[in-house]
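Visitor: After the structure tokens below, expect a handful of questions from me.
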Amino acid sequence: MSAACRTVLYLRLSRDDDNPGESESIQNQRSLLQAYAAREELCVIGEYVDDGWSGTSFDRPRFQDMLRDMEQHRFEVVLVKDLSRLGRDYIQTGRYLELVFPEHGVRLIAVGDGIDTARADTGLAPFRNVVNEMYARDTSRKIRGALYTKMQAGKFIGNFAPYGYQKSPKDKNHLIPDERAAATVRQIFAWAAVGKRPAEIARMLNERGKPPPSVYRSLVHPALSPDHYSKHKEWTSTGVSRMLQDVVYLGHIAQGKTEKVSFKSKKTRVKQADEWILVPNQHEPLVSEQTFAAVQRQRSARRCNRKEAFSNLFSGLAFCKDCGKAMSTVGTRKKGSAANLACGAYKLRGISACSNHFIAYETLYRCVLEAVRQYVCLSEQECSALFERLKRRLRLDERGQETGRERERLMQEMGQVQRLVAQLYEDRAANRIGETNFYPILERYEQRTAALQQQIDALQPDSGAESLHRLQERLWAIIGRYTDVEELTPSLLFELIERIEVGQGTYEKTGKGRVKRQKIVIYFRFLSVPYEIDWIE
């Protein structure tokens, strides 16, 4: 091997050991690889170290840096201690061995496994990758089993104690009250028990300057930044509401509320309450059973007062005109009204975020329905004229022009797939792609070829009159939907409207008394100029 080969070292370890700075294993990997490079007369020009990163994911910072440098052709050889250092996902590891590195002319050498991609005898590499993944899977299973056993025993396994508690200095799996935060928790439950809503409680806490849980945590642990845990530096109604239903304040431990989809994935699944691991009476409660029950009765009563059949048609369409946040449903005391809509930022964080922008749901419904009728509804004469124009356009396709164009497009795609298959065989013959990847790719191409052929065969000459008749029926059904709009539906709104903005209402004195004036702006998908409503009630 020529000394001119530019070589880099890749070093990885899942966990740091007790040594300060780099882990001992990283140092050992470096020594082994440097000795190998010296024996083989390889020119080491750099190294990439991921210390404390799992091998089940390839989204590691220094590994990604190495890939970017590889694309710039800054080295020809990568040295690793063994394939498990490269990764423990056998599919992804095989992809790098068989495709990614060879495509960039990079040679990978796993010293401990005797793997060198420049040699033809790398047949055992896939089996080693499978073994490495099995090891990672087994380790993950053992860790989950140990944590599950702790949860069943009522031991707290979270990284940080819930707000109001701290971990015991004698036992990190046991919670004890943090009196400073515990006083705030008791006050929150006391307010809620006498009927104060979460939004009111959040506003009162913010006015009193009480730090929310994320900020308080950073005060307790100075090395942490509150930005790492929450972008909100104040109490929110959502946070308060979540606390009011947490049984941890009764002295119970409820854990296992989520689970990872796979040991390879960062995605989690939220579990139903009956799937949680609940162990009662594990630490000192901060609120009594009576207070907790009173709070739950208050919450239940508010839910029952709402109309269960109510569905917000404007969800995802209505936004605050000032801050741009989505309008959110809030309760109303107005008789006969289903709900009010309010700025979502105001609902969460109060006046520090935005103003309320309250509007009755029925008011917004009437405004939008009126705008739709004015700009969308067609008279019967207009419908008939539009139908005749579109029918004439449809007859142009009666001779099969559309069918011909579709057949031509499918034939072109068929030719592209066939060229890809030919290139695939050439890559296999030249050993640019391994057998492991060759057959799955070939199978996908063959499946696509079969699907294209079926579509081409299906394009048989059709009865032009019959086809035109079906199209005309569909056309008239579509046009007929807009002749007389009696009510708003989700499908109608999302077809016609891009966005609705609700302004802040203002009150004015007139000769007839005090009136509310509010601006509503509707952005129709087919209008270049927004439709503005100056609503007065």
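The values are calculated or read from the model by the stated rules, or taken from the named source; none is laboratory data. The model shown is predicted, which means the values in this text are computed figures rather than measured ones. Here the Cβ positions follow ideal geometry from the backbone for every residue, glycine too, while neighbour counts run over all protein chains shown. Surface areas here come from the heavy atoms of the whole protein model, side chains and all, with no ligands, DNA or RNA. Shrake-Rupley method; radii C 1.70, N 1.55, O 1.52, S 1.80 Å.
Visitor: Keeping the other protein chains in place, figure out the carbon and sulfur percent of the accessible area of the stretch 34-116, with a 1.4 Å probe.
Guide: So the carbon and sulfur contribution to the accessible surface is 45 percent.
Visitor: Pop the C-beta distance of E103 and K233 into the FRET formula with R0 = 45 Å and round what comes out to the nearest 0.05.
Guide: Here the calculated transfer efficiency is 0.40.
Visitor: Read phi for every residue in the stretch 273-283 and hand back ³J(HN,Hα) as whole Hz from Karplus 6.51 cos²θ - 1.76 cosθ + 1.60, θ = phi - 60°, with x for Gly and Pro.
Guide: Computed from phi, the couplings for the stretch 273-283 are 4, 6, 9, 5, 9, 10, 10, x, 6, 9, 7 Hz.
Visitor: K271 to D322: extension gain in nm, 0.36 nm per residue of separation minus the Cα-Cα distance?
Guide: Gain on extension, K271 to D322, equals 14.7 nm.
Visitor: How far apart, in nm, are two points set 7 Å out from the Cα along the Cα-to-Cβ line at F494 and at A35?
Guide: 6.4
Visitor: Still on this model: Given charges of +1 on the Cβ of Lys and Arg and -1 on the Cβ of Asp and Glu, with all other atoms neutral, how large is the dipole of the stretch 167-226 about its Cα centre, in debye to the nearest 20?
Guide: It comes to approximately 40 debye.
Visitor: Now for a different question. Using a basic spin-label model with each label point 7 Å from the Cα along Cα→Cβ, how many nm lie between V521 and D534?
Guide: 1.6
Visitor: Moving on to the next point. Of the cross-linked pairs K196/K509; K155/K271; K271/K334; K334/K516; K334/K509; K172/K347, which ones have a Cα-Cα span greater than 27 Å in the structure shown?
Guide: Those over the limit are K196/K509; K271/K334; K172/K347.
Visitor: Something else: Ranking request for peptides 502-511, 353-362: highest mean number of other beta-carbon atoms within 10 Å first, then the rest in descending order.
Guide: 353-362, 502-511
Visitor: So how far, in whole Å, is the C-alpha centre of the stretch 312-373 from the one of the stretch 488-513?
Guide: Taking the Cα centre of each part, the stretch 312-373 and the stretch 488-513 sit 9 Å apart.
Visitor: Just subtract the alpha-carbon distance of E207 and I351 from 0.36 nm times their residue separation and send over the number in nm, one decimal.
Guide: Between E207 and I351, full extension yields 50.8 nm more.
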